[in-house]
1. Among the residues of the stretch 1-14, how many are farther than 16 Å from Ala75 by Cα and crowded, with 17+ Cβ neighbours inside 10 Å?
2. Within the set of pairs 6 or more residues apart or between chains, which connect a residue that is more than 20 Å from Gly20 (Cβ to Cβ) and free of Cβ contacts under 8 Å to residues at least 12 places away in the same chain inside the stretch 47-66 to a residue that is open to solvent by 40 Å² or more (accessible area, probe 1.4 Å) and of a type in the set (S, T, N, Q) with Cβ atoms less than 8 Å apart?
3. Residue check, Ala9 against (1) assigned to a helix (DSSP H, G or I); (2) closer than 13 Å to Thr88 by Cβ; (3) among the small types (Gly, Ala, Ser), all met but one. Which one?
4. With the requirement that a residue be closer than 21 Å to Leu6 by Cβ, open to solvent by less than 40 Å² (accessible area, probe 1.4 Å) and part of a strand (DSSP E or B), what does the stretch 22-49 give you?
5. So which of Ala16, Ala49, Ala45 is touching a Lys or Arg at 6+ places or on another chain (Cβ under 9 Å) and not aromatic (Phe, Trp, Tyr)?
Amino acid sequence: MPSTPLTSAELAQALAHLPGWTVEDGKLTATFEADRSAIPSLYAAAAAAEDAANHHAEVRILYGTIGFALNTHDAGGVITALDTAMATRLTTLASEHGARPA
């Protein structure tokens, strides 16, 4: 996938298909809620997906929530298609682990 910044229109289109995701401080972010016991396995699945894609999120875990923040460091810290693809994958994994957008 290209590492060029998404245009405003491209980002808006991507966000329309990413429930719970927003842009904050130049990063694509979302927080998911789940039963606290599901968070460790969700994190493990997310880490494996990030490693497979060689694209990693900032992750914040607090009680029954897990938050992700994405941007592409190799492109100067902007949001690219790599980020929206990873957000899509993380959303799928969250759902598979019983998590929902916070």
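1. Number satisfying all stated conditions: 1.
2. Between residues of the stretch 47-66 that are more than 20 Å from Gly20 (Cβ to Cβ) and free of Cβ contacts under 8 Å to residues at least 12 places away in the same chain and residues that are open to solvent by 40 Å² or more (accessible area, probe 1.4 Å) and of a type in the set (S, T, N, Q), there is no close pair.
3. Status for Ala9: all satisfied but (2).
4. Leu28, Thr29, Ala30
5. Going through Ala16, Ala49, Ala45 in turn, the sole match is Ala49.
To keep it simple, each residue is scored yes or no on (1) of a type in the set (Val, Ile, Thr); (2) under 12 Å from the mean Cα position of the chain (by Cα); (3) assigned to a strand (DSSP E or B); (4) exposed (fewer than 15 other Cβ atoms within 10 Å of the Cβ).
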| site | (1), (2), (3), (4) |
| --- | --- |
| Asp51 | no, no, no, yes |
| Arg60 | no, yes, yes, yes |
| Ile66 | yes, yes, yes, no |
| Ala69 | no, yes, yes, no |
| Asp74 | no, no, no, yes |
| Thr84 | yes, yes, no, no |
| Thr88 | yes, yes, no, yes |
| Ala94 | no, yes, no, no |
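The values are calculated or read from the model by the stated rules, or taken from the named source; none is laboratory data. Since the structure is predicted, the reported quantities are computational estimates derived from the model, not experimental observations. Because the Cβ atoms are built from the backbone with ideal geometry, glycine has one as well, and the counts that use them run over all protein chains shown. Ligands, DNA and RNA are excluded from the accessible area calculation, which covers all protein heavy atoms including side chains. Shrake-Rupley method; radii C 1.70, N 1.55, O 1.52, S 1.80 Å.
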